[in-house]
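Below is one structure; the comments refer to it alone.
The values are calculated or read from the model by the stated rules, or taken from the named source; none is laboratory data. All values derive from a computational prediction rather than experimental measurement. Note: ideal-geometry Cβ built from the backbone for every residue, glycine included; neighbour counts use all protein chains shown.
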Amino acid sequence: MTRGLRFLLLLLLLALPAVAQSEETAVPWDGLAPDEQQILQRFRGTWDQLPPERQNRLLNGARQWMNMSQSEREEARLRFQQWRQLPPDEQQRRRERFERFRRLPPQQREAIREAKRWFQSLPPERRRALREQWRTMSPDERRELRRQLRREFGGGRAPSSDTRPLLPRPERPMHPRPSRPVR
């Protein structure tokens, strides 16, 4: 198994919760700039009751929104629309996954972001092949790969950009799983 795949699959590990929590202070509504208040207007009546962490996340989001171009805002609106169309259980799963990511130490978060950038830089056919190989692995093979990834990339090292296969060749033939139960 190459370092590249190991690092890629580190993305899937997001189950490494970190214990570091930061102390955030509340931001009073009157302490917001007028343009921030305008963007966060719908929270005006409840702003002071929101937990400081939520206030800061909303404020950071408002600041990001102000710095976006029109096309970036349109893209964000589209992503939000897609989010709202997800089933509630999928939204919850993604929230939990994001919270696990957010709790990781900065070095691990950056390593994951780097792996994502690396994976996205691969040609589409290579990404498809890697996803398919991952899907055909047994749960035990996946667990073992995760263990190896934790050992190898726990320090946040980036993958090499070599061209070796990223997943080991299976010792047994892998057949696609049927899309519906076989009777």
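Looking at ALA18, is it in contact with a Leu (Cβ under 6 Å, 6 or more places away or on another chain), assigned to a loop (DSSP other than H, G, I, E, B), surrounded by 12 or more Cβ atoms within 10 Å (Cβ to Cβ) and at pLDDT below 95? Outline the logic, then answer.
Numbers: in contact with a Leu (Cβ under 6 Å, 6 or more places away or on another chain): yes; assigned to a loop (DSSP other than H, G, I, E, B): yes; surrounded by 12 or more Cβ atoms within 10 Å (Cβ to Cβ): yes; at pLDDT below 95: yes.
Answer is yes for this residue.
If I ask for residues that are part of a helix (DSSP H, G or I) and either of a type in the set (Ser, Thr, Tyr) or exposed (fewer than 12 other Cβ atoms within 10 Å of the Cβ) (or both), which ones from the range 39-57 would you list? Once the filter is applied, which keeps residues that are part of a helix (DSSP H, G or I) and either of a type in the set (Ser, Thr, Tyr) or exposed (fewer than 12 other Cβ atoms within 10 Å of the Cβ) (or both), the range 39-57 yields GLN41, ARG42, GLN49. GLU114 meets all of the listed conditions (1) under 30 Å from LEU149 (Cβ atoms); (2) free of Cβ contacts under 8 Å to residues at least 24 places away in the same chain but one, namely (2). In this structure, does GLN107 turn out to be at pLDDT below 95 and of a type outside the set (D, E, K, R)? Judged against the criteria, GLN107 is a match.
Just checking, does the range 74-90 include any residue being surrounded by 12 or more Cβ atoms within 10 Å (Cβ to Cβ), touching a residue at least 12 places away in the same chain (Cβ under 8 Å) and closer than 24 Å to GLN64 by Cα? Within the range 74-90, not a single residue is surrounded by 12 or more Cβ atoms within 10 Å (Cβ to Cβ), touching a residue at least 12 places away in the same chain (Cβ under 8 Å) and closer than 24 Å to GLN64 by Cα.
Among the conditions (1) modelled with pLDDT under 90; (2) assigned to a helix (DSSP H, G or I); (3) exposed (fewer than 10 other Cβ atoms within 10 Å of the Cβ), the only one that ARG142 does not satisfy is (3).
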